[in-house]
Amino acid sequence: EKIIELDYSRCGISEVPVDVYNNSPTLEVLHLEGNKLKDLSPQLFQCIDLRYLNVSDNEIRSIPPLISKLNSLQVLIFSKNALVLEGVSSNIDKLNKLTILDLSMNDLGKVPEAIMSLINLQQLCLNDTGIDYVPANIGRLSNLRILELRDNSLRELPKSIRRLTNLQRLDVSDNNLSQLTEVCESHGNLTELWINGNNITKLSPSITHLKRINDFDASYNNLQTIPKEIGHWTKITNLILSFNQISVLPKAIGNLRNLQVLKLESNNLEELPTTISKLTNLEELNLQNNFITKLPSGIGHLRKLATLILSDNKLEHLPPEIGSCCALTILNVHNNYLHKLPDEVGHLQKLTTLGLIGNKLEFLPITVSKLTNLKALWLTPNQTQPLIHLQNEQLPDGQVVLTSVLFPQVPLPEVPPSVHLPMGNQTYHISFNMDNIPTEASLSRTPTPHHKELRRLRNILRGSEPPETQSPNISEIKEAKVTHISGDLSVSQSSLLDKDEVDLQQNQVVEALEVLERATRESVAIYKPIKGKDSPSTGETTPKQPPPYHIAAAYSKNAHLFAQFCPPSPHDQPKQFSQQQPSNIHHPTPKFAKNRPEQIQDYIYMKENAPSPSVESNETAKQKTGSQSKWPFGSHQICKVIEVELVGYRVLGDFHIMAKGDGIYVDQVHPAGVAYQKLLPGDKILSFDDVDYTVMESHAAYEHAYQKIGSVKVVTVSRKQVS
């Protein structure tokens, strides 16, 4: 049997199958893509009649000199391999019949010179090959119809590219190009031009020569204007100009009678030209994230329009003529300033999705009930179902409208303007230092000590109390913030530090211990359960409570400093329990005030003027430390501490914060956000997730919280209580 084609694609093979050699006299098409090949065996090049060879997505490191034996080859696809420039044999220029060559996604770094001799090439793909320039002699490839140079570091194109007059598709997207004057003047046969993701600031008037253009993508550039010569592109069907800085569209855009897709999102447009009504074949119009205040009434002439995206603009009303867009299936006007919808919306019988989130609507017109194909009506970001129940209501003027519990709408806070950072031409290389990285490291949590224990540690550091005979051994892990708090390691970290570093860290530890000691002494006075009717009598012992969160967090951050110089206390060793706890362990239940709600299972904090139960008086402590410990709850003399979990769909501006002299507070809570009725204005923010703000200055805490407010999951606040 005469076999002319074999397909071994994605078979997991690491060698060329024997069947290829057995059928070499007749084989013309061979598929080997998606395997584990690392080289091409010499026997493969016995297939002298081979016309098509696809070895993409393998691990091949070179194109051997024997490639010249395949002189009948017309298509060679070598993309997604491990090719380097030195591995591409110069004998590739012997493939005189080659019309398609694909070397994309190989680390070439430079265009192989031998390619410029393949004068019969019609398609050349060098995407993502790391090249930063195109050879000047590319003009020799005058038969090229498709040239793909996407995802490289090109800063300019050579003038000789003008000689490629047969080009039909040119893709230079995602490079560093700043102009296209060399492209537009001599390429009247172009039907596709992809220049997105560059640094192009303007289009040359010479684009008037591209009269056959069908697809044009210039998104993600720095375009500010569009030349009126674009009106000569009468055959274009897809025009993408998104993510630029365009402020005005030329009236000539109305000449693009065959246009089907027009994308202009994320620009600076304030209005549309009236000539847009002439785009009678338009099917998709995306104007999201601009500054448009009104739509031209001529939009009703777009009878084939199926998708209209108008979200994130400044629209106050929609023209009644929008009801003439009879093919419309998706209408999105999120985040505008709409007060009402025109009754003509009910004429959009093909409408399936209507997005109205973030407007100022008080009701919907009764004609919305005629939209029998409507599958989704979005009024708030917190909707759990795409459709909601609407009911009829008669207004004082006799008009019957549709209302819901979601009306009137509350507009979402405005998103701050995005900052467009200029794209630099620098190349960056990221490397990781793998030296001295430990193969295995373990972490252990250090219990928060009692304030007397802190005083003992401080005295040891000052030398007023002799340390225990056994010194701890702490293992140092370089370039990693990992500390072993255990006493069975062999290397002493103190011995790895010079004298100056030891003195500096000792001073830091002493200061930290003084702050923690004062804070823990004060916590004894302020951390008390409220005494109510059922609270224990004076003779009974109140169960010990853990220190407040901000004290525990402050100690944990400096635990490695304490462990370097101080022997561990026996009290620091965590107790080990089995899964079933011993019966002699008693967990007392805290008792609450008489009128306190049962569902609030936290403690009330009270600021008292009684002296601290410390050996030293407050005045003595003040003289030693310079000031007394800061009351962490600000102006709240009596407060409760609450942990609030923010789960669900997050919207911008869930809640706002403000800074005062004694910390940061909740200012406003958006009714449509997940924090509604969980956080209240006036709540003092103690922490976001694991970041403690009671130990920061107000300004620093506000700046940090402002950055995290959109991603925080757990907010700890103190809420003022009436005495």
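Residues checked against (1) at pLDDT 95 or above; (2) open to solvent by less than 70 Å² (accessible area, probe 1.4 Å); (3) out of contact with any Ser or Thr (no Cβ under 9 Å at 6 or more places or on another chain); (4) closer than 22 Å to HIS389 by Cα:
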site	(1), (2), (3), (4)
ILE309	yes, yes, yes, no
HIS317	no, no, yes, no
LEU331	yes, yes, no, yes
HIS339	no, no, yes, yes
GLY346	no, yes, no, yes
ASN359	no, yes, yes, yes
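Taken together, the residues in segment 132-150 that are surrounded by 21 or more Cβ atoms within 10 Å (Cβ to Cβ) and part of a loop (DSSP other than H, G, I, E, B) amount to 3. Selection within segment 65-78: residues that are among the β-branched types (Val, Ile, Thr) and surrounded by 20 or more Cβ atoms within 10 Å (Cβ to Cβ). The member of this set that is nearest to GLN123 (Cα to Cα) is ILE77.
One line per residue, one yes/no per condition, for (1) of a type in the set (A, V, I, L, M, F, W, C); (2) in contact (Cβ under 8 Å) with a residue 40 or more places away in the chain:
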residue: LEU241; (1), (2): yes, no
residue: ILE246; (1), (2): yes, no
residue: LYS263; (1), (2): no, yes
residue: GLU270; (1), (2): no, no
residue: LEU295; (1), (2): yes, no
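When ASP93 is tested against (1) within 17 Å of GLU113 (Cα to Cα); (2) open to solvent by less than 10 Å² (accessible area, probe 1.4 Å), just one condition goes unmet, and that condition is (2). With respect to LEU390, determine if the residue is touching a Ser or Thr at 6+ places or on another chain (Cβ under 7 Å) and modelled with pLDDT under 95. Considered against the rule, which asks whether it is touching a Ser or Thr at 6+ places or on another chain (Cβ under 7 Å) and modelled with pLDDT under 95, LEU390 comes out as yes.
Count of segment 377-398 residues, restricted to those that are among the polar types (S, T, N, Q), part of a loop (DSSP other than H, G, I, E, B) and touching a residue at least 24 places away in the same chain (Cβ under 8 Å), is 2. From the residues in segment 50-64 that are within 35 Å of the chain's Cα centre (by Cα) and over 11 Å from LYS38 (Cβ atoms), which one is most open to solvent (accessible area, probe 1.4 Å)? Out of the qualifying residues, it is ASP57.
Of all residues in segment 208-226, those satisfying the criterion of being open to solvent by 20 Å² or more (accessible area, probe 1.4 Å) and either in contact with a helix residue (DSSP H, G or I) (Cβ under 9 Å, 6 or more places away or on another chain) or on the phi < 0 side of the Ramachandran plot (or both) are THR208, HIS209, LYS211, ARG212, ASN214, ASP215, ASN222, GLN224, THR225.
Just one of the numbered conditions (1) free of Cβ contacts under 8 Å to residues at least 40 places away in the same chain; (2) under 19 Å from LEU121 (Cα atoms); (3) open to solvent by less than 80 Å² (accessible area, probe 1.4 Å) is not true of ASN81: (2). Against the conditions (1) open to solvent by less than 60 Å² (accessible area, probe 1.4 Å); (2) modelled with pLDDT of 70 or more; (3) assigned to a helix (DSSP H, G or I), ALA621 satisfies every one except (2). Among the residues making up segment 100-130, a single one is surrounded by fewer than 19 Cβ atoms within 10 Å (Cβ to Cβ), part of a loop (DSSP other than H, G, I, E, B) and of a type in the set (Val, Ile, Thr): ILE119. Residues in segment 295-315 that are of a type in the set (D, E, K, R) and within 17 Å of CYS326 (Cβ to Cβ): 2 in all.
Scanning segment 25-39 for residues that are over 12 Å from ILE13 (Cβ atoms) and open to solvent by 20 Å² or more (accessible area, probe 1.4 Å) returns PRO25, THR26, GLU28, VAL29, ASP39. For segment 65-82, a residue qualifies if it is more than 40 Å from the chain's Cα centre (by Cα) and not β-branched (Val, Ile, Thr), and the qualifying residues are PRO65, LEU66, SER68, LYS69, LEU70, ASN71, SER72, LEU73, GLN74.
The single condition among (1) out of contact with any Leu (no Cβ under 7 Å at 6 or more places or on another chain); (2) open to solvent by 20 Å² or more (accessible area, probe 1.4 Å); (3) not in a helix (DSSP H, G or I) that ASN166 does not meet is (1). Residue count for segment 665-723 under the criterion of being part of a loop (DSSP other than H, G, I, E, B) and open to solvent by 30 Å² or more (accessible area, probe 1.4 Å): the result is 18.
Picking from residues in segment 192-207 that are out of contact with any helix residue (DSSP H, G or I) (no Cβ under 9 Å at 6 or more places or on another chain) and part of a loop (DSSP other than H, G, I, E, B), the one that is most open to solvent (accessible area, probe 1.4 Å) is LYS202.
For (1) part of a helix (DSSP H, G or I); (2) under 27 Å from LEU259 (Cα atoms); (3) basic (Lys, Arg), each residue gets a yes or a no:
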{"position": "LYS314", "(1), (2), (3)": "no, yes, yes"}
{"position": "GLU344", "(1), (2), (3)": "yes, yes, no"}
{"position": "ILE357", "(1), (2), (3)": "no, no, no"}
{"position": "GLU362", "(1), (2), (3)": "no, no, no"}
{"position": "VAL368", "(1), (2), (3)": "yes, no, no"}
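The rows are residues; the columns are (1) of a type outside the set (A, V, I, L, M, F, W, C); (2) in a loop (DSSP other than H, G, I, E, B); (3) under 28 Å from ARG150 (Cα atoms).
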| residue | (1), (2), (3) |
| --- | --- |
| GLN43 | yes, no, no |
| ASP49 | yes, yes, no |
| SER56 | yes, yes, yes |
| ILE60 | no, yes, yes |
| LEU66 | no, no, no |
| SER72 | yes, yes, no |
| SER79 | yes, yes, yes |
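Exactly one residue among SER142, SER62, SER90, SER72 is under 29 Å from ILE200 (Cα atoms) and of a type in the set (Gly, Ala, Ser), and that residue is SER142.
The values are calculated or read from the model by the stated rules, or taken from the named source; none is laboratory data. Values in this document were obtained by computation on a predicted structure and should not be read as measured data. Here Cβ is always computed from backbone atoms with ideal geometry, including for glycine, and neighbour counts include all displayed protein chains. Ligands, DNA and RNA are stripped out before the accessible areas are found, and what is left, the full protein with its side chains, is counted by its heavy atoms. Shrake-Rupley method; radii C 1.70, N 1.55, O 1.52, S 1.80 Å.
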